[in-house]
Structures are given as C-alpha cells and as structure tokens.
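*Asks:* Have a look at the structure that comes next, please.
The values are calculated or read from the model by the stated rules, or taken from the named source; none is laboratory data. Quantities reported herein were computed from a predicted structural model and do not represent experimental measurements. All Cβ positions, glycine included, derive from the backbone under ideal geometry; neighbour counts span all protein chains shown. Protein only, heavy atoms only, side chains kept; ligands, DNA and RNA dropped before computing areas. Shrake-Rupley method; radii C 1.70, N 1.55, O 1.52, S 1.80 Å.
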Amino acid sequence: MKPGRRIELRGTVQGVGFRPWVYRLARANGIGGRVRNHCSGVTIEAFALEEALDTFVERLRDSAPEAAHILELRSSSIPFESVDDFVIEPSEDLGQRAFSIPPDLALCPDCESELLDPKDRRYRYPFINCTSCGPRYTIATDIPYDRAATTMADFVMCPSCQAEYDQVLDRRFHAQPNACPSCGPTVELLTLEETGPSRTGDPIADAASRLTEGLIVAVKGLGGFHLACDATDSAAVTRLRERKHRDEKPFAVMVRDLRAARELARLSGEEESLLSSAARPIVLVRRQPEAGIADVVAPNSELIGLFLAYSPLHLLLLDELKKPLVMTSANLASEPICASNDEAEARLKGIADALLVHDRDIASRCDDSVARVIAGAPMVLRRSRGYVPRPIKLARAVEQPILSCGAQLKNSFCLVDGDLAYFGPHIGELDSLQTLRFFEEAVEHMQKILGIRPELLAYDLHPAYLSSQYALAQSGPSHIGVQHHHAHIVSVMAEHALEGPVIGLAYDGTGHGLDGTSWGGELLLAEHGHFTRLATFRSLSLPGGNAAMREVWRTALSLVDDAFDGQAPLDSLPLFRGLDQSDVRVVQQMLERGLNAPRARGVGRYFDAMAAIALNRPRASYEGQLAVAWNRVADPREVGAYPFDLDRAVEPIEIDLRPLVRAAVQDLLTGLPPGRVSARFHRTLVDASASLVRLIAEQVGKLPVVLSGGVFQNAWLAEGLLAALSDSFELFLPREVPPGDGGLALGQAIVANQCAKEGQRCA
C-alpha cells in the first residue's frame, strides 16, 4: 500500500508561485494529492511509494523557486488515500495571517525575455511581472495579500491577463500585480519648462535623452524615487551633489547586468551571486582601475556600490542610455525617500530636471538594501528592499508580540511574534520630523499587513533617541529598555540560534553606556537576559561632544594629548599646523579642564582620529567617512604591528592604545607612508582584540565568540579576527542582520522578551 505524507512549510511560500511549482513537481514525480495555502504557510498532502515521497520532500527542501524562502519543513505520516491526480485546492480562510507578503522581487529571466521580444504582447512594457518577480511588499495595503489589497486594485485585468491569472499552470497564476499595456499602469515623463516637452512620445527614451545631456532625472522605482544621472559625466554628478547637498558620500551605481558590472568592478563569484540574487542589493565591490566611472561618484574610494537593474523600467532605461547610472535615494539629508508623484514634484523641485513617473502607487517606502561579501559570505549592511518583510526564524518563540524600536542612526525597527522576527524597512537617521513620521507610518503599516499588535515595546536606553521617546509615549504595551551593545550582541546570537553565554565584541562609534561614558569598544559576557562587561577600550575625551564627530581634528587632538600626556608634537604634524591655532588652544583648554568633553570608548573614534592625523583630514562630511578612508589606504603587504597594553588593574579590563598612538605618530614623523601605518593600526586592533578574547576565555571558558557593531563592516578587522581566533574558538558574524545600528532592533526584542519572563524592567 502507498503511504501518505502531510508536509507543512513555513516562510515565504505565498505570492511566489510556490503552489504551481509544487503541482508541477508532484506530477513529474508521480505524486498524487493536494496543496493549499493556509494561515501560516503551505500544506501538502502527498501519496506515492515511499521512495518517491522521499525524493519529493528532498526536492521541496532543496529546489524551491529562488523567490521562495523556506524557514521550516515538517513531514508526518498520514493514512493512505487513493488519488490519481494532484490538485491545487482553494486556500483556507486565512484570517489574520502571521506572514503572507513576500519582499519585492527583481525582474526574472522569463519576464526579461518577453520584455525584449518584439513579438510578445508585453514588449517593452515597464510593468511586466509574474509569480517569480515584481513588486510585493511595496504595493500591499492590507491582508490577505490579494489584488484587492494592493495598489493594483484599480487596474482591472483585461481578458488575456485574467486568463493567465486563473490558469494554474501559467507562471502568472495569482500574480497580484499582473498587467499588460492594455490594462495596467503607464509611465510618463514630467519635465520642467526649460527642459522642453516630450521629444519622441516614449517617456523612457525621453528620460534617457535628458540623462545623456547631463540632466538629472528622478525615476520612480519599486519602493520610492531615485535621483539619476550619467555616472560617467563628472559635471552631472557634481551638479547632483550640489543640489542634493551631499558633499562626498559615495553614490550607488546601477548597471544593466553582470556583464556591465564586470566592466566596472573586480568581482568574486560570491559578489556576482549577491548582485544577481532576487533581492538585488547594492553591493560594495572593488572598482576596476579604468572603470570609466567619474571619480566624483565615490571620491577617494577603491570601493563602489553597484547594483543591477531590478525592475523592467530600470532595464529599459539602461538599455536606452547604454551607460551606467548614478541611482541615489530621492531625498535631501534627514528626509525620507520620496514615494508619491505629488511628493516628488514638490520636494524634488530644484534638484531634478525631469521626473519619470508612473501611476502604480507605492504603499510603503522601501529604500535599497546594501550588502558586502566579508569572509567569503554575504553580510547585509542595510536590510530593506528585497529582504523586507522576509522573516528571520528564531530558535525559541517569544512570550508575547514585541515591537523593538531600534536606534537613532540607521534606524530600523523589528516586529517579533512567535518564532518569527520581521525587520521593517530602512528608516535612516531619526533626526527630523519627516523621518519620525516615516518611522511611525512604517510601524503602523507593518503591524497591519502582518496582523501583529505588540504587547511589549523594547527601546534603547539613550533618553534623547527619538525611537526611545516614541516607545515610551505609547500607552498600553509594557516597556523595557535595552543597553545598546547588549542588543548588538544578542542580535547576532538570535540570528545564529545561540542561547549563550557568549563572548561578545561590540565595536561601533557610540552607544549609551552605564558608567557615564559613551560605549563602543566592549567585550561582554552575554546572555539573552543580562550581560557582564568584562573589558573595554580606554576612554577618550570628545571636545565639544557631537561637534567632534564632524570636526574630527578635535578627537585627534584628544587622542595625541592623552597618549603624550599633554606633550604631543603638534607642531610637527600637518593636521594641527593647518588649523586655526586659536581653535586648537580652545580645545586644549577644554581637555585640561574637562569642560564639554564627554568621555567615549567607541572604537570608531580611534579610526577617525588616526585617519585625521595620518591623512591630514580635519573634518568628516558624513559618519564613518574617515574610518572608510583609513581602511582603504591600508597596505596589505605590511606585516608589522604596534604595541598595546591590557590594563588588568582596572575593572573592567581596558585595552590601552596609547603605545600604538605614540609609535604611529613617530612613524609618520619619520616619513613612513600612511598606508603602512594604517595596516599596522588594523593589525594591532586585531592582535589586541584576539589577546583580550584569549585572556577572558581563561576566566570564563572557550565560549562562542560573537562579533557585532558597525566597525565589523570593516573587512580587514572582521577577517583578521576570524583568522586569529578560528583555530581555538567558534566565531559568529552577522549575516542577514546588519552589524550596525540597523540590526540591533532584533537584539532589543530578544533581550526584552527574556527580561519580561524574568520580571526585569531593564537589561
């Protein structure tokens, strides 16, 4: 007798053509039975010989469509049924689904082929899609996820599109954005008076023509508008920088395909796979020396952010232009990305010369994701379009629904329900009313489409963070504050299903400490509900507080003043000779008197200060700029390192880098190139961190080692520590969860859940 199997699948298995794929797979393997959607995923009831069922389950697990993301597969025996066919049954009453909407999906090869086929009815149609590609999250207005609950609701399918939608074997079966030129959205070019009217009647060709002339065009994508210009035109890129008020921060560059990407960058196999994945993130890669990209796209940087065209509109535009395009978020600093046509016309006036718009509304803003390959595997640096709202499965369910509100910089919130955690889209810096409103709207939208109402709110302990103020202002749910660096470590623990304790290195620029200083160079013995701070970096004064973050020479002066005990050779260092000496004297007095000079332990501050000294860069125009520059110049051929001390006489133990600073300054004064000094600096940080881990392990045992915090976006440091410690320790890096502040919301939720279980109000 043939056995039966009930197979339960959870994850991104709805809205991605999963049931038709199961149907075809079952028929090809002689399986009878049925498949249906339900409230938390997909259920299959299959009947065949044991061997055939084993093969079927294996294929389900290993060969699912790229857009699908299986979090869990459970198989159990059921009584045999005599069935001769395999069918797709109507979905059960889905009610408030825990998860039903996949992320936006990049244009698939089948749709691209049709898009470029003159014989196809969707030839050059910029909204072509199927169950394997197209918008999902950004058009969803409610649940359940069907056409009536998307911004496609007003577009009535023509008979041909409806037939595709209804046919189970068609790849557009229940593709909610399904449309064609007869019944779907349309594109339009809106121009300012001085740029003239439409020239060809083809809005995309007109936009390409203006880009060729050096103009700036705002392009409506899946999750918002981009500001686009010709990436090979220095004048156009400079004009965009001036209008957007973005002095030096690199722009991302969009290219048509992998062939075009290879012309601009030296790509590894892992980087090519990441670039061409369904998520299509911006990937930080090494540029080719003669790439043809204007230097002002990414000034003084070997790295460039590349991404492939992910929508048919982008592909058609790049096909017309035949050049790479700068594609940067359409906003000014401290503002959210533009999403609606009216908003773009109002906010981008004076920035864009024309707007390439369409009439398919965006229900939720969702900026581009950013990733990088570190230690041979992808690390998501900014989790947004293409990833949101795909959940991260937790090893253990939380006790109640939780909203964790994230941090102030690079904000992203997280909703956790049961054993699934959902990051919201990238919000950015929460330092304006517009961005706070975006945060509030995104939280409400995610709660609505996921059917989650939080009963517990987690927040950062920094009282000035707008995300924390938002959490504390909400009535109804209970509130738990979580220390910043504890959240960083627990985020990685949650991603890798680590219960703890672990040895956690949390290295970043700043975070609210519990001892009156700003933390950011911490070694924690961490568990979900509590931590012990066992080591830290020697603190530096930040003269002027936040002013030292941009006027980095202030931190540099503090660094050398401390290292040389007030007798630093300032006159011999070009950085300080080039400053207004009255400003230098004022800062020296602040240091002497301890006035407006808060203490900080962030590793990022050491990067900034050393870069300022060695590269003669007194100021930074954006966060992390000098740290990136300092990493970029490091000479990989240099094998030397500097001395450091581990001060065990204080509690917690302190890494003292004053010996490093004195030796590095001496090297610079004797003419050693900055690249060699940078390499020695990086190697010393690796050596000091590895020595500290080994020392702590003598006390607590060889526990797993977790690395988190924005500093570990630095491949030299992350890979160096893996090389130094992996022979003795099991190391864990963030992969799906961003290492910086955009990832700590997950840790906040897990810590808050444990604290609530134990009756604590704060970790």
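*Asks:* Find which of S404, T435, F423 sits farthest along the positive direction of the dipole of segment 387-439, computed with +1 on the beta-carbon of Lys and Arg, -1 on that of Asp and Glu, about the Cα centre.
*Replies:* The residue sitting most towards the positive pole is F423.
*Asks:* Using a probe of 1.4 angstrom, how much of the accessible area of segment 552-649 is carbon and sulfur, in percent?
*Replies:* Details: 2050 of 4590 Å².
Heavy-atom surface of segment 552-649 belonging to carbon and sulfur, 1.4 Å probe: 45 percent.
*Asks:* Now, a different point. Can you give the angle from 0 to 90° between the axis of helix 234-244 and the longest principal axis of the chain, with both taken from C-alpha atoms, to the nearest 10?
*Replies:* 90 degrees
*Asks:* Only residues of segment 294-328 count here: report those whose backbone N is under 16 Å from the spot 7 Å along Cα→Cβ of T238, or say none.
*Replies:* Within reach of a label on T238: 294-300.
*Asks:* Which whole-number percent is the relative contact order of the chain (Cα, under 8 Å, 6+ apart)? Could the numbers behind the result be given before it?
*Replies:* Numbers: 1769 pairs, mean separation 86.9, N = 763.
Relative contact order, the chain: 11 percent.
*Asks:* Classify segment 610-747 from the C-alpha gyration tensor, please: rounded if a/c falls under 1.5, else prolate or oblate depending on whether a/b exceeds b/c.
*Replies:* Numbers: a/c = 1.83, a/b = 1.29, b/c = 1.41.
In terms of gyration-tensor shape, oblate.
*Asks:* Divide, for the chain, the radius of gyration over alpha carbons by 2.2 N^0.38 Å, where N is the residue count.
*Replies:* Against the empirical 2.2 N^0.38 Å value, I get 0.99 for the chain.
*Asks:* Expressed in nm to one decimal, what extension gain is obtained for the pair D257 and A375 from 0.36 nm per residue of sequence separation less their Cα-Cα distance? The partial results should precede the final answer.
*Replies:* On the way: separation 118, 0.36 × 118 = 42.48 nm, distance 2.48 nm.
In short, 40.0 nm is gained.
*Asks:* According to the square roots a ≥ b ≥ c of the eigenvalues of the Cα gyration tensor, what is the shape class of segment 6-77, taking rounded for a/c under 1.5, prolate for a/b larger than b/c otherwise, and oblate for the remainder?
*Replies:* Prolate is the answer for segment 6-77, as a/c is 1.5 or above and a/b outweighs b/c.
*Asks:* For the residue pair D84 and A473, what label-to-label distance in nm results when each label sits 7 Å from Cα along the Cα-to-beta-carbon direction?
*Replies:* 6.7 nm
*Asks:* Can you tell me the dipole magnitude for segment 602-751 around its Cα centre, using point charges on the Cβ only (Lys, Arg +1; Asp, Glu -1), in Debye to the nearest 20?
*Replies:* In debye, rounded to 20, segment 602-751 gives about 440.
*Asks:* So if we plug the beta-carbon distance of S726 and D62 into 1/(1 + (r/R0)^6) with R0 = 35 Å, what FRET efficiency do we get, rounded to 0.05?
*Replies:* For S726 and D62, the calculated efficiency is 0.80.
*Asks:* Can you tell me what percent of all Cα-Cα pairs in segment 1-123 are more than 19 Å apart?
*Replies:* That tail contains 52 percent of the Cα-Cα pairs.
*Asks:* If you roll a 1.4 Å probe over segment 322-390 with all protein chains in place, what percent of the accessible area is carbon or sulfur? Kindly include the intermediate steps, with their values, before the conclusion.
*Replies:* Details: 990 of 2110 Å².
After summing per-atom areas, the C and S share lands at 47 percent.
*Asks:* Keeping all protein chains in place, calculate the accessible area per residue for the chain (probe 1.4 angstrom), answer in Å².
*Replies:* Here the residues of the chain average 37 Å² of exposed surface.
*Asks:* Within the chain, how many Lys pairs that are eight or more residues apart, or on different chains, come under 18 Å at the alpha-carbon?
*Replies:* Counting lysine pairs in the chain gives 4.
*Asks:* Ignoring any ligand, DNA or RNA, what whole percent of the accessible area of segment 703-745 comes from carbon and sulfur when the probe is 1.4 angstrom?
*Replies:* Using a 1.4 Å probe with all protein chains present, segment 703-745 comes out at 50 percent carbon and sulfur.
*Asks:* Please give the length that would be gained between A464 and V156 if that part of the chain were fully extended, namely 0.36 nm times their separation in residues minus their C-alpha to C-alpha distance (nm, one decimal).
*Replies:* So the chain would gain 106.0 nm between A464 and V156.
*Asks:* Would you mind checking the tilt of helix 603-615 against the longest principal axis of the Cα atoms of the chain, expressed as 0 to 90 degrees and rounded to 10?
*Replies:* 70 degrees
*Asks:* How large is Rg over Rh for segment 658-726, taking Rg from the Cα atoms and Rh as the Kirkwood inverse mean of 1/r across Cα pairs?
*Replies:* We get a ratio of 1.06 for segment 658-726.
*Asks:* Within segment 227-268, list the residues whose amide N lies under 18 Å from a label point set 7 Å along Cα→Cβ of L116.
*Replies:* Counting only backbone N, you get 254-264.
*Asks:* Here's another thing I want to ask about it. Work out the length of the dipole vector of segment 209-322 about its Cα centre, built from +1 on the beta-carbon of each Lys and Arg and -1 on the beta-carbon of each Asp and Glu, and round it to the nearest 20 debye.
*Replies:* About 300 debye.
*Asks:* So what does the Cα-only Debye profile of segment 433-489 read at q = 0.16, 0.19, 0.26, 0.31 Å⁻¹, as log10 I(q)/I(0), no solvent term?
*Replies:* Result of the Debye calculation: -0.55, -0.77, -1.18, -1.22.
*Asks:* Can you give me the relative contact order of segment 531-654 as a percent, contacts being Cα pairs under 8 Å and 6 or more apart?
*Replies:* Details: 148 pairs, mean separation 45.0, N = 124.
It rounds to 36 percent for segment 531-654.
*Asks:* Segment 455-605: percent of C-alpha pairs farther apart than 22 Å?
*Replies:* Working: 5762 of 11325 pairs.
More than 22 Å apart: 51 percent of the Cα pairs in segment 455-605.
*Asks:* Out of the GluC sites (Glu not before Pro) in segment 60-158, which ones are loop residues according to DSSP with at most 10 other C-beta atoms within 10 Å?
*Replies:* Values: sites: E66, E72, E81, E92, E112, E114; in loops: E66, E81, E92.
Here no GluC sites (Glu not before Pro) fit, given the DSSP loop and packing criteria.
*Asks:* Just in segment 85-176: which trypsin sites (Lys or Arg not before Pro) are loop by DSSP and have at most 10 other Cβ atoms within 10 Å? Present the calculation step by step, with values, prior to reporting the outcome.
*Replies:* Numbers: sites: R97, K119, R121, R122, R124, R136, R147, R171, R172; in loops: R97, K119, R121, R122, R124, R136, R171, R172.
For trypsin sites (Lys or Arg not before Pro) across segment 85-176 that sit outside H, G, I, E and B with at most 10 neighbouring Cβ atoms in 10 Å, the list reads K119.
*Asks:* Still on this structure, please answer the following. Which FRET efficiency value, to the nearest 0.05, is calculated for L669 and R619 with the Förster distance at 30 angstrom and r the Cβ-Cβ distance?
*Replies:* Working from the Cβ atoms, E equals 0.85.
*Asks:* Quick check on segment 197-315: what does the Kirkwood estimate of hydrodynamic radius come out to from the alpha carbon pairs, in Å?
*Replies:* 15.0 Å
*Asks:* As an exercise, use a Förster radius of 25 Å and the Cβ-Cβ distance of A148 and E455 to find the FRET efficiency, rounded to the nearest 0.05.
*Replies:* Values: r = 30 Å, r/R0 = 1.19.
Once rounded, the FRET efficiency stands at 0.25.
*Asks:* How much length, in nm to one decimal, is gained on full extension between R694 and D166, taken as 0.36 nm per residue of separation minus their Cα-Cα distance?
*Replies:* Gain on stretching R694 to D166: 183.9 nm.
*Asks:* Work out, in µm²/s and without decimals, the Stokes-Einstein translational diffusion coefficient of segment 256-310 at 37 °C, 0.692 mPa s, Rh from Kirkwood over C-alpha pairs.
*Replies:* Details: Rh = 11.3 Å.
Approximately 291 µm²/s, per Stokes-Einstein.
*Asks:* Right, next: Could you state the angle between the C-alpha long axis of helix 18-28 and the longest principal axis of the C-alpha atoms of the chain, as a value from 0 to 90 degrees rounded to the nearest 10?
*Replies:* Tilt of helix 18-28: around 60 degrees.
*Asks:* Next question, about the same structure. According to the square roots a ≥ b ≥ c of the eigenvalues of the Cα gyration tensor, what is the shape class of segment 340-427, taking rounded for a/c under 1.5, prolate for a/b larger than b/c otherwise, and oblate for the remainder?
*Replies:* On the way: a/c = 2.58, a/b = 1.78, b/c = 1.45.
Cα axes put segment 340-427 in the prolate bin.
*Asks:* Size of the dipole of the chain about the Cα centre, Lys and Arg at +1 and Asp and Glu at -1 on the beta carbon, nothing else charged, in debye to 20?
*Replies:* 580 debye
*Asks:* In whole Å, what is the distance between the alpha-carbon centres of segment 20-71 and segment 324-353?
*Replies:* So the two Cα centres are separated by 44 Å.
*Asks:* Okay, moving on. May I ask you to evaluate 6.51 cos²θ - 1.76 cosθ + 1.60, the Karplus curve with θ = phi - 60°, for each residue of segment 509-515 and list the ³J(HN,Hα) values in order in whole Hz, giving x for glycine and proline?
*Replies:* With coefficients 6.51, -1.76 and 1.60, one gets x, 6, x, 5, x, 9, 10 Hz.
*Asks:* Ok, one more. What number, in percent, do you get for the relative contact order of segment 160-284 if the mean sequence gap of Cα pairs under 8 Å and at least 6 apart is divided by its residue count? Intermediate results must be reported in sequence, preceding the final value.
*Replies:* Working: 84 pairs, mean separation 11.4, N = 125.
Relative contact order here is 9 percent.
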